[in-house]
Amino acid sequence: MTHRSDHDRQSSSGDGKKDIWLSMLDEVFNGKRLPEKNLLILGGTPESQIEFLESLSYYPTSRRRPPDRSRDPTPPIANRFALGYTYRDVLDADQEDTLARLSLYLLSDPSPSFVPLLNPLLTPRSLPNMLVVILLDWSRPWSWLRQLQEWIRTLRTLMVSLDDECKEVMEANIIDRRERGRSGAADGIHSTADASIAIPLSSGEWDEPLGVPLCVVCQNADKIESLERERGWKEEKFDFVLQYMRTVLLKHGASLIYTMPSAPGSLQTLIYSALDIELSLERKSLKHNVIDRDRVLVPPNWDSWGKIRVLREGFDVEGVSKAWSTEIQPTPATEISEGVTDGDQNDPVVSAHGGHSKDKEGSAVAIYEDTIRDPDRDSSLAQALRLKNPGIEVETMDNQKFLAEQLERLESYRAEDEVEEKGREARRAASGSSSLHSGLVEESSRTVHDYIGPVHFNIDGIQVDADDELKRLKDRAARRTPELEATPTSPGQMDNEKLASFFAGLMKKTGGSASNSPRS
């Protein structure tokens, strides 16, 4: 019994040492575990999504050394079908240490059928470390507000479907995000000022929180110049777009940035700061920019109605904000299916809207699209109006259809010519054999003449057309016929007859030289 008790004490002592070692190993492992961040990228095309990831991984040339791609190759991107995925390791300023592991989920289609794919991504653990990015493109700025409407509705539907534990985490997340940077500093998110002087929420700010931070990235801002040059856009339109976007995003506490492939700007700082990833020991501030139209940056918790009005007078901030709150309410399935009635489907004006149901009067989307018009929609709408109310315009026929009609006409003309030719042959046959013979001779000579062309002879170095000379002689003889009938034969008449017989002999000869001609 004593021996067994000593053994039990030794075993318990060994188990205690093992537990100590396990706890120490767990502490070391947890200390080296990389923070996990999640980025949900919505909208865009597979190509524009890859472009965004490249801009996000952009490192200036001033770094000490380029990253070793052979040691850490770029992970593949699967974003061609439904919900895509890839990951990135976020490196420090010197690109030596890994600061965080970034999981990126990509979705291009805002269809409600994809909501079940997103649902497992939102958990109590992932929500505090998640950022939603909506990609827009400057190649189609007239579609921005409708795209935002669809994505916001999808996100609201997704948030409502989560369980109570997730909703509690989202509420805490909203409170935390809403208080960030509200210390009176105008330069950026991070501030050293006293947090006790936090600025209260302004009108229209955080009215419609989503539960996760939101960032809207407008890509390819270099196409702004082409809009000005080719579409005739003025500063008023660019300011209108910016004021509208800032007004609706202010309601969600979202940030806004314009980017271009050659100059990502502060995109990396904006995204990483929203995910609480510090790239260096020195905290970078996000400097707002609403002056340079191709380098706009609106950090979260910086904007207000007053700042939006300053950009250009006359913009109805309050009206747009109120209309947007109504616009983003989820649309029932019955309203979607019955939005266009049978009568509307037959109306070419409604059909020219691209298949969207008619927007209500005062809709935020309708107001935006009435000012920032889609050129393709305008051309199709104009065509539909012409069909409904025909005017003096004349539509040209298709080339192939025109040529087919002309071919039919030519065939009918050819048939008529054949009928007329048969009639002429019948009349010639009835007129007698002599006329038929002369007609055949004339036709034969005409046909031979058409084949062989004019006959030329070289006489003493001079090129002579036998047909022309013979015709001249006949015309001359015809003019002199009345005179010849009244007077006896003269030497001039004999000369003409000799010349006529001379050229006639030349035409009968096979050769063309003067040596073969008959002597006079």
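I'd like to compare 406-415, 115-124, 223-232, 140-149: which one has the highest average count of other Cβ atoms within 10 Å, and what's the full order after that?
In decreasing order of mean packing, 406-415, 115-124, 223-232, 140-149 become 140-149, 115-124, 223-232, 406-415.
For D398 and R427 in one chain, what is 0.36 nm times their gap in residues minus the Cα-Cα distance, to one decimal in nm?
Difference between extended and current length: 6.0 nm.
Quick one: which residues, 5 or more positions from L91 or on another chain, have an amide H under 5 Å from its amide H? H modelled 1.01 Å from N in the peptide plane, none for Pro or chain starts.
Close amide H contacts, sequence-distant or interchain: L99.
Distance in nm between label sites at K322 and R156, each 7 Å beyond Cα in the beta-carbon direction?
Each label point is offset 7 Å from its Cα along the Cβ direction, giving 1.7 nm.
Using amide H atoms built 1.01 Å from N in the peptide plane, name the residues 5+ places from L256, or on other chains, whose amide H lies under 5 Å from its own.
Here the answer is V216, V298, since their amide H atoms fall under 5 Å of that of L256.
Give a residue-ordered list of calculated ³J(HN,Hα) values for segment 145-155 (Karplus: 6.51 cos²θ - 1.76 cosθ + 1.60, θ = phi - 60°; whole Hz; x for Gly, Pro).
5, 5, 5, 4, 4, 5, 5, 5, 4, 5, 5
Separation between the E418 and D92 pseudo-spin-labels, each 7 Å from Cα along Cα→Cβ, expressed in nm?
9.4
Bear in mind that the values in this text are calculations on the coordinates, not laboratory data. Please read all numbers here as calculations on a predicted model, not as lab measurements. Note that we place each Cβ from the backbone using ideal geometry, even for glycine, and neighbour counts take in every protein chain shown.
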